[in-house]
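Peer 1: Take this structure first; my questions come after.
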Amino acid sequence: MKVINVVGARPNFMKMAPISEAMRRYPEQIRPLLVHTGQHYDERMSKSFFTDLGMPRPDLDLGVGSGSHAEQTARVMVEFETVCLREAPDLVIVVGDVNSTMACAITAKKLGIQVAHVEAGLRSRDMTMPEEINRLCTDVLCDYLFTTDHFANENLLAEGISAEKIHFVGNVMIDTLLKHKALAQDLGLLDRWGLKAGGFATLTLHRPSNVDDEGTLEGILRTLSEFGREIPIVFPVHPRTRKMVDRFGLGHYFATTGNPSGLWPTEPLGYLEFLHLNMHAKMVITDSGGLQEEATVLGVPCITLRYNTERPITCEVGTNYVVGNDPDAIIHHTSMILSGEFPPGGIPEKWDGKSAERIVALLRRC
Ligand code: UD1
């Protein structure tokens with residue numbers, strides 16, 4: 001079976017790494033080809049993850065880069081169509097919900113190639129999120145839908161997708177986390193930065209709904225710079241957010257000391273560095289999707305700066321609080337966690353480090 005594994009943006013790499021590793025154990029049956037669309041291209045947004053995760057370099061890099069949604073999606077489709085025609089794969093595997101995910105699923109399906117979606121069925125019911133559109137378009141086309149939790153199965157069934165296509169395999173991103181946890185544990189970043197375990201928070205912020213509007217971004221940064229007086233907040237700044245902070249002139253909310261204090265910005269961090277920080281943090285503050293899941297597995301309380309989540313299992317079972325971006329709500333929840341008022345979370349079913357193996361076992365039977 002010739003399989004094209006697609007990655008495009010930062011959150012894809014840690015999802016694909018265990019799948020391509022599991023496939024490489026069965027060279028007689030599966031011939032994988034790793035295609036990077038190039039949606040993310042900076043060293044710190046892309047290449048460093050291949051090194052950290054021990055992933056082979058992509059066989060092909062389509063180099064599409066940034067652009068408007070239509071431009072980026074269209075460029076991926078044009079380039080990926082050429083690859084599919086030349087390579088004639090039996091199956092294309094896409095992960096997550098970025099523009100590259102949807103673009104490659106549509107392209108392959110229109111060429112009559114079977115498509116599998118890993119992390120299928122997540123729904124925020126928020127059509128202002130580009131990712132929600134990507135998820136819906138991808139899932140409706142796919143032949144194999146690999147899901148992470150019972151909510152995803154229910155969503156797909158409610159949308160009329162036939163049960164035979166849906167496979168509850170668990171969470172491949174957690175395969176990667178569990179594999180690298182011991183390595184990340186003693187990385188030494190805390191010592192280097194003078195941080196104490198449990199004595200700091202981490203922050204990530206990149207959703208257009210939080211960073212593209214000046215008033216919203218200002219409210220979040222002002223609130224967190226005030227909260228940062230109680231506990232330092234380490235903030236690896238996404239390139240999109242950096243651009244908006246500069247455009248709106250909001251850099252004065254950032255601390256400029258050599259060691260973490262207040263709201264303390266850094267360049268985007270590598271996978272192991274950021275895992276090291278999160279596993280030792282008092283709390284994680286984020287608008288990311290994946291980080292809600294990682295915090296759950298690490299048992300670290302997570303404050304999600306959104307009004308919805310496509311990952312409700314992290315609230316039902318895990319450590320996640322979805323609080324929105326209103327300053328009062330942010331302060332209420334962060335202060336609550338700081339004073340130790342939060343119930344311990346549990347681990348969702350099948351988030352056990354074996355999800356990629358389940359996917360590959362299933363594909364080998366096809
Ligand atoms: C994309 C995904 C989002 C995911 C996020 C993780 C879509 C619609 N969005 O959002 O779901 O959570 O990745 O990071 O696919 N840029 C760089 N260097 C890079 C990549 C991006 O400077 O390597 C800058 C560019 O100015 C670019 C902007 O970031 O225009 C946004 O990049 P883009 O890939 O369009 O979306 P993200 O916000 O990263």
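Peer 1: Could you work out how much longer the chain between Glu154 and Glu316 gets when fully extended? Use 0.36 nm per residue separation minus the Cα distance between them, nm to one decimal.
Peer 2: Extending this stretch completely gives an extra 56.8 nm.
Peer 1: Quick one: if the Förster radius is 30 Å, what FRET efficiency do Glu43 and Arg222 give, using the C-beta to C-beta distance and rounding to 0.05?
Peer 2: E between Glu43 and Arg222, to the nearest 0.05, is 0.45.
Peer 1: Once label points are set 7 Å from the Cα along Cα→Cβ at both Arg240 and Val140, what is their separation, rounded to one decimal in nm?
Peer 2: 2.3 nm
Peer 1: Output the Cα-based Rg and Dmax of the stretch 1-148 in Å, rounding Rg to one decimal and Dmax to a whole number.
Peer 2: Looking at the stretch 1-148, its Cα Rg and Dmax stand at 14.1, 44 Å.
Peer 1: Suppose all protein chains stay in the model; what accessible area per residue would a 1.4 Å probe give for the stretch 1-129, in Å²?
Peer 2: On a per-residue basis, the stretch 1-129 sits at 40 Å².
Peer 1: Ok, one more. Beyond 35 Å, what share of the Cα-Cα pairs of the chain remains, rounded to the nearest whole percent?
Peer 2: 21 percent
Peer 1: A further question follows. What net charge is computed for the residues neighbouring Leu136, neighbours being all others with C-beta under 13 Å from the C-beta of Leu136, Lys and Arg scored +1, Asp and Glu -1?
Peer 2: Taking every other residue near Leu136 into account, the sum is -4.
Peer 1: Related question: Which percent of the accessible heavy-atom area of the stretch 289-352 goes to carbon and sulfur, probe 1.4 angstrom?
Peer 2: 55 percent
Peer 1: Filter the GluC sites (Glu not before Pro) in the stretch 132-181 to those in DSSP coil with at most 13 other Cβ atoms within 10 Å of their Cβ, and list the result.
Peer 2: Glu159
Peer 1: Taking the Cα of Ser162, stepping 7 Å toward and past its beta carbon, and measuring to each backbone N in the stretch 348-366: which are under 17 Å?
Peer 2: 366
Peer 1: Once amide H atoms are built 1.01 Å from N in the peptide plane, which residues 5 or more positions from Gly38, or in another chain, come under 5 Å H to H?
Peer 2: Residues meeting the amide H criterion: Leu62, Gly63, Val64.
Peer 1: OK, next. Under a 1.4 Å probe, what is the accessible area of the stretch 180-338 per residue, stated in Å²?
Peer 2: 37 Å²
Peer 1: A further question on this structure: Does the stretch 131-228 classify as rounded, prolate or oblate by the C-alpha gyration tensor (a ≥ b ≥ c root eigenvalues; a/c under 1.5 gives rounded; else a/b over b/c gives prolate, otherwise oblate)?
Peer 2: Cα axes put the stretch 131-228 in the oblate bin.
Peer 1: Quick check: pseudo-label points 7 Å beyond the Cα along Cα→Cβ at Lys181 and Ser261, how many nm apart are they?
Peer 2: Once both label points are built, they end up 3.5 nm from each other.
Peer 1: Also: Could you work out the Kirkwood radius for the stretch 180-338, taking every pair of different alpha carbons, averaging 1/r and inverting it, reported in Å?
Peer 2: Answer for the stretch 180-338: a Kirkwood hydrodynamic radius of 15.5 Å.
Peer 1: Which FRET efficiency value, to the nearest 0.05, is calculated for Glu71 and His252 with the Förster distance at 41 angstrom and r the Cβ-Cβ distance?
Peer 2: So, using R0 = 41 Å, E works out to roughly 0.80.
Peer 1: Could you sort the peptides 226-232, 23-29 by per-residue average Cβ neighbour count (10 Å cutoff), highest mean leading?
Peer 2: Output ranking for 226-232, 23-29: 226-232, 23-29.
Peer 1: Here is a further query. Where Lys and Arg each count +1 and Asp and Glu each count -1, what net charge lies around Thr309 among other residues with Cβ under 11 Å from its Cβ?
Peer 2: After counting each charged neighbour, the total is -1.
The values are calculated or read from the model by the stated rules, or taken from the named source; none is laboratory data. Owing to the predicted nature of the structure, the values given are computational and were not obtained by experimental measurement. In this analysis, Cβ positions are derived from the backbone assuming ideal geometry, glycine residues included, and neighbour counts consider all displayed protein chains. To get the accessible areas, we keep the full protein, side chains included, count just its heavy atoms, and leave off ligands, DNA and RNA. Shrake-Rupley method; radii C 1.70, N 1.55, O 1.52, S 1.80 Å.
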